[in-house]
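Below you'll find the structure, written out as structure tokens, and then a few comments.
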Amino acid sequence: MIVKIQDFYSFLHRCQKDCLGGFKSVILPKKSQHSDDDLFFTTLSEDNDYFLDSYRTVDPIRMLFYFPREIVLPAKKSKCKRLIVGAKGCDLRALEVLDKALINDDFVDPIYNFWRENTYIISSDCMTISPSCHCNLLDGKPYAEEGFDLNLSRMDDSYYITVGSSKGEELLLLIKEHVTVSKVSPNNINSIKANRKLVEEKLRKQNKQYERTENYYDLRSVDIEKWIEASKSCIGCGGCTNICPTCYCMILNDETVTKDFVKVRSYDSCQLHGYARVAGGDTPRPKMYQRFRNRYLCKFDYMKSNFNLLGCTGCGRCIDTCPGKIEFRKVVQKMLELPRKRVSSSGMKIQESENV
């Protein structure tokens, strides 16, 4: 189906104002007050301009499901139903990782699960890219292939709507009740394919210098001296993990000040010196290079082993936020190309190898 952009925004405003479909809030990207290049998720209002067709927001969609800081006890009950618009493919791939970590047979995070059940997601194609975007290096696309309820593909003054779930079918019926839609033509499909191909080519050219093998398990055997060298610019601020769409490490604090028992959780980071420190003061990774290495192995090895998914989606946020100007793509490339010490089960070096 095709809908005029003006009519679509009118529908979103009605959803929030009149609670159409039971939606109490609509969240979508808007430009930062400080930079036209930065987009942040915000609640829909009458006096803002929104941008659904650019690249991903600065804040990952994770922050709308797994909050930076939240009270877990006493549990708060909510009946809020919301609509998130303008999510990108890289963030939806990240939600797939979080779903496996936080909703599984052994454990279900009640707060995260609540928001997953009560949130409808309308994704949109990337019509441009940021300098740090590199989803193509992780077999990703600048458009969502799954994980959305509806997806929007821009065509001049209209959007082509793709349905991705039963929630999406429900949402499309609601749109049809309040907005005029039209049928898609072969020319429309060809236009969308051309737009997507153009953005994919931009990504390919931008990241050609960072191409590497996909033998990520080899990161385990990279010589420690190489990790020490790569980590020299890292100051251990934790910015990369706080902004990463797949990180979910947290710390739980008792903030009880009255008779009511209060537990609050907030983001933690494996890059911080105090992370995983035990009561006696010891820590499993006391050196910066050890924590630096752990993050790369977590994204490319541990998460792959645990969830059969890579923990990096190529969003590039860690590159943008790093005060040490560490180029994530370059580090991965160098580690996979440099000689590695092959170690036997007894710990003896058995050969030297190099991937090129």
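Laboratory data are not the source of any read-out in this text; all were calculated from the coordinates shown. Just so you know, these numbers come straight off a predicted model, no measurement behind them. Glycine gets a Cβ as well: all are built from the backbone with ideal geometry, and neighbour counts include every protein chain shown.
Summary table below
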read-out	value
On Cα atoms only, tilt of 89-102 relative to the major axis of the chain in degrees	70
Gyration tensor (alpha-carbon) shape descriptor, the chain, a/c threshold 1.5	oblate
Positive-end residue, the chain charge dipole about Cα centroid, Cβ charges, pick of Gly316, Thr119, Tyr50	Gly316
Likely footprinting exposure, Asp36, Asp125, fewest C-beta neighbours within 10 Å first	Asp36, Asp125
Candidates Phe307, Phe292, Phe41: whichever shows maximal mean-square fluctuation once the chain is modelled as a Gaussian network with Cα springs under 10 Å	Phe307
222 nm mean residue ellipticity, helices alone, for the chain (DSSP H n ≥ 4; -39,500 (n - 2.57); rounded to 500)	-9500 deg cm²/dmol
Between region 150-199 and region 47-70, the alpha-carbon center distance in angstrom	22
Highest-MSF residue in the chain out of Ile251, Ile243, Ile319 [GNM, Cα springs under 10 Å]	Ile251
Full-extension gain in nm, Tyr217 to Lys193, via 0.36 nm per residue minus C-alpha separation	5.2 nm
Most mobile of Cys249, Cys126, Cys270 in a GNM of the chain (Cα contacts under 10 Å)	Cys249
Residues His134, His178, sorted so that the one with the fewest Cβ neighbours within 10 Å comes first	His178, His134
FRET E, pair Asn118, Ile228, Förster distance 41 Å, beta-carbon r, rounded to 0.05	0.35
Ranking of Met63, Met303 by count of other Cβ atoms within 10 Å, fewest first	Met63, Met303
Cross-link partners of Lys263 among lysines (Cα-Cα below 28 Å; sequence separation of 8 or more within a chain)	Lys24, Lys76, Lys77, Lys79, Lys81, Lys100
In region 215-269, chymotrypsin sites (Phe, Trp or Tyr not before Pro) in a DSSP loop with at most 15 other beta-carbon atoms within 10 Å	Phe261
Anisotropy class of region 216-353 from Cα gyration tensor, a/c 1.5 cut	prolate
Compactness relative to 2.2 N^0.38 Å, alpha carbon Rg of region 149-273	1.74
Net dipole in debye of region 216-353 [+1 Lys, Arg Cβ; -1 Asp, Glu Cβ; about Cα centre; nearest 20]	280
Ordering of 79-87, 186-194 by burial proxy (mean other Cβ atoms within 10 Å per residue, highest first)	79-87, 186-194
Rounded, prolate or oblate (a/c below 1.5 giving rounded, otherwise prolate when a/b exceeds b/c) for region 151-223 by Cα gyration tensor	oblate
